[in-house]
Each structure stands twice: as C-alpha cells, then as structure tokens.
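Working notes for the structure below.
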Amino acid sequence: MAPFLLSRIFGLLPSSVSASFPRSFTAANSRLLLHPDVLLLADSGYQGIHKHHQSSTLPVKKKKGLSLSAEDKAHNKALSKQRVFIEHINRRCKIFRIVKDVYRGKHKNYSLTWNLVAALVNLRYACI
C-alpha cells in the first residue's frame with residue numbers, strides 16, 4: 001500500500017444529511033454501485049452490510065460476558081491498520097466546520113459541499 005495513493009479522495013459515497021449516516025446506509029437507499037468483487041473495509045457502524053455486499057469486512061464484536069479470541073483480535077487489528085488511512089482522510093475533511101457541524105444549508109447542496117471540501121483537501125495534500 002502506498003500512502004500517496006491512499007491520501008487522495010477519489011470518490012464520495014452519495015449520502016443524506018442524516019447525522020447517523022453510516023448506520024442508515026443500505027444498498028436500497030444508496031446510489032453507489034459496488035462491484036461484487038470489491039472488498040469493502042467497514043467499521044462497526046455498517047452492521048448488516050453483508051446482506052447487501054457479500055465481500056465486505058467488519059470488525060468482530062465482543063459478545064456480552066465473553067472476550068475476543070486472539071484470532072478475532074488479530075483480525076480487528078489488521079482491519080484497523082488498513083482503515084487508518086481512511087480515518088485520516090476523514091479527519092482532514094472534518095477540519096472544515098461546514099462538514100463537522102450540523103449542516104444548515106439546503107439539502108440539495110449537501111453533496112456539493114462535500115465535493116468542494118474533498119477537492120480542497122486533495123489540493124492541499126497533493127503538494128506534500
């Protein structure tokens with residue numbers, strides 16, 4: 001994995017203004033078409049994504065009263081090592097207050113706002 005390739009935003013998932021966006025994601029309400037062979041690395045907010053995208057990977061959750069096995073901990077650690085690049089890009093975007101706080105603009109401009117922020121982040125970090 002080359003950090004340079006992972007430090008750019010190539011596309012944005014179409015979304016709604018919902019504050020709990022990751023939890024409301026389903027294939028039915030998303031216009032994003034993922035090829036079945038694409039590996040989707042998701043966090044715990046995407047529980048149930050296996051119903052819509054078979055080749056997705058989620059962290060293993062601890063069951064009540066039990067601890068995770070060493071194999072499950074290793075799986076979670078490997079997944080988090082891959083996702084950390086994405087989380088850093090999310091942090092770069094959320095430096096902009098308009099995407100960090102509650103969006104008070106028009107609903108139709110929400111994705112435009114995210115596209116502009118993504119372009120600014122790409123421009124800022126393209127020189128590094």
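Kindly check whether there is at least one residue in the range 19-39 that is outside any loop (DSSP other than H, G, I, E, B), touching a strand residue (DSSP E or B) at 6+ places or on another chain (Cβ under 9 Å) and at pLDDT 80 or above.
No: zero hits.
Return the pairs, sorted by first residue and then second, in which the second residue is among the charged types (D, E, K, R), the first residue lies in the range 90-111 and is under 14 Å from Arg124 (Cβ atoms), the beta carbons are less than 8 Å apart, and the residues are 6+ apart or on different chains.
Once the first residue is under 14 Å from Arg124 (Cβ atoms) and sits in the range 90-111, its partners that are among the charged types (D, E, K, R) give Arg92/Arg124; Lys94/Lys100.
Which residue, of Lys73, Lys64, Lys81, is outside any loop (DSSP other than H, G, I, E, B) and loosely packed, with under 12 Cβ neighbours inside 10 Å?
Lys81
Just for the range 84-104: of the residues that are hydrophobic (A, V, I, L, M, F, W, C) and either at positive phi or not in a helix (DSSP H, G or I) (or both), which one is surrounded by the fewest Cβ atoms within 10 Å (Cβ to Cβ)?
Val102
Using beta carbons and a limit of 6 Å, which pairs, at least six apart or on different chains, have the first residue in the range 60-77 and within 15 Å of Gln47 (Cα to Cα) and the second one hydroxyl-bearing (Ser, Thr, Tyr) and loosely packed, with under 10 Cβ neighbours inside 10 Å?
Sorted first by the residue in the range 60-77, then by its partner, the list stays empty.
The values are calculated or read from the model by the stated rules, or taken from the named source; none is laboratory data. Worth saying up front: this structure is predicted, and the values here are computed from it rather than measured. When we count neighbours, we look across all protein chains shown, and the Cβ atoms used for this are built from the backbone with ideal geometry, even at glycine.
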